[in-house]
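Everything below concerns the one structure shown next.
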Amino acid sequence: MALTPETLAPIAAKMRMPASALIALPTAIEAFARKANMSTEQMLSELRQNAPLRDYLAEICIKTHTAA
């Protein structure tokens, strides 16, 4: 599954992070999926349901954005 704006929008809408940090979201999702030995589609499904995981992902995206 491709990480397009349409596939990311429902998850991004639930995340509490600045819009400027969203640039890191596709790469972070792919990295999370790879490390969890999941497909990107499985990770997207998990992120839709798992608020703590979404919060952690948002934190990673924000830190990545501010470090750049």
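The values are calculated or read from the model by the stated rules, or taken from the named source; none is laboratory data. Everything numeric in this text was worked out from a predicted model, so none of it was measured. Positions of Cβ are backbone-derived with ideal geometry, glycine not excepted, and every protein chain shown enters the neighbour counts. Remember, those area values only see protein heavy atoms, side chains included, never the ligands or the DNA or RNA. Shrake-Rupley method; radii C 1.70, N 1.55, O 1.52, S 1.80 Å.
How many percent of the accessible area of the chain is carbon or sulfur, using a 1.4 Å probe? Percent of accessible area from carbon and sulfur atoms in the chain: 57. Computed over the chain, the P(r) tail beyond 13 angstrom holds 60 percent of alpha carbon pairs. With a Förster radius of 25 Å applied to the C-beta separation of residue 41 and residue 14, the computed FRET efficiency comes to 0.90.
As a length-normalised measure over Cα pairs under 8 Å and 6 or more apart, the relative contact order of the chain settles at 44 percent.
Magnitude of the charge dipole for the chain, about its Cα centre and with charges confined to Cβ atoms of Lys, Arg (+1) and Asp, Glu (-1), is about 140 debye. Helices in the chain that qualify as membrane-span-like (whole DSSP H runs, Cα extent of at least 18 Å along the helix axis, mean Kyte-Doolittle hydropathy of -0.5 or higher) are 51-67.
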